[in-house]
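Here the structure is laid out as structure tokens; the discussion comes afterwards.
The values are calculated or read from the model by the stated rules, or taken from the named source; none is laboratory data. Since the model is a prediction, treat every value here as computed from it, not as a measurement. Counting neighbours? That spans all protein chains shown, and the Cβs are built from the backbone with ideal geometry, glycine included.
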């Protein structure tokens, strides 16, 4: 799910920061002043500059954030998975929550691709690493303007807790858990729509999304789980946490292929951001669809 790992920026593959187990959710951050970023190249230069300031200016072990999302919606690795951060401003916040910077500031609005990137990141952390679906802003931990009014409004109105590529709401205490074969109604309809988003809609049969959990829905859930590596060989007749997590993972992977933006970087120099642009040896060109397993 990480589109650009640490090595893309010339950093060590693993952050030197201490270990932690952030499972409480995801915290949204901004830059402070406006960044005026408009390209992938500018965001790469910015991301490098942030790390330089955090390491050489603040004397931190590494860049403060777990992840970043650029204006094209690409997920950048910062400290990465299971690392203590320097972003939330409290010991418990840095140990128990992942953080993501959207690389904007002031009154700047995130791009649609950035919003989608945060949703992809959240779904991946939930499905693959057991993180809760809760999203908070930096100001929920300490007195600060971060993540700014535009982003904090999206934190509070649930924009970032929607599923990638759709308007479906996914909460930490989701009513889909516990649903089972033989039931009917809106909960079953929601499960079937997620199955479609995960790429297994054909397995629902000719009736498709009908709100009735029959044998086809159970078989489709089995195929969803198998698509992300599960060895399950029997139809799934009850929605438990493991099945739900794998459903989110399958859906997020498919949405990467369908919705991840295409951006091109030609290796030329950029004046955007606060650091030098990528050297020619780090030139990245992306065409077509971007897919990460």
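Computed quantities for the displayed model
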read-out	value
Hey, residue 226 farther than 25 Å from residue 161 by Cβ and over 20 Å from the mean Cα position of the chain (by Cα) or not	yes
Complete set of residues in segment 216-226 that are crowded, with 17+ Cβ neighbours inside 10 Å and over 17 Å from residue 183 (Cβ atoms)	222, 223, 224, 225
Count of residues meeting criterion [outside any helix (DSSP H, G or I), under 20 Å from the mean Cα position of the chain (by Cα) and buried (at least 18 other Cβ atoms within 10 Å of the Cβ)] in segment 1-36	13
Which listed residue is crowded, with 19+ Cβ neighbours inside 10 Å and assigned by TED's automatic domain parsing to the domain that holds residue 72, from 142, 135	135
Hey, residue 202 over 17 Å from residue 245 (Cα atoms), out of contact with any strand residue (DSSP E or B) (no Cβ under 8 Å at 6 or more places or on another chain) and outside the structural domain of residue 23 (by TED's automatic domain parsing) or not	yes
Residue list for segment 163-175, restricted to those being touching a helix residue (DSSP H, G or I) at 6+ places or on another chain (Cβ under 6 Å) and either farther than 18 Å from residue 117 by Cα or at pLDDT 90 or above (or both)	175
Residue within segment 49-61 that is under 21 Å from residue 119 (Cα atoms), in contact with a helix residue (DSSP H, G or I) (Cβ under 8 Å, 6 or more places away or on another chain) and surrounded by fewer than 20 Cβ atoms within 10 Å (Cβ to Cβ) present	no
Residue 148 vs. criteria crowded, with 17+ Cβ neighbours inside 10 Å and modelled with pLDDT under 90	no
Which numbered condition residue 80 fails, given (1) assigned by TED's automatic domain parsing to the domain that holds residue 10; (2) on the phi > 0 side of the Ramachandran plot; (3) over 15 Å from the mean Cα position of the chain (by Cα)	(3)
Failed item in (1) modelled with pLDDT of 95 or more; (2) surrounded by 18 or more Cβ atoms within 10 Å (Cβ to Cβ); (3) over 14 Å from residue 152 (Cβ atoms), with residue 127 passing the rest	(1)
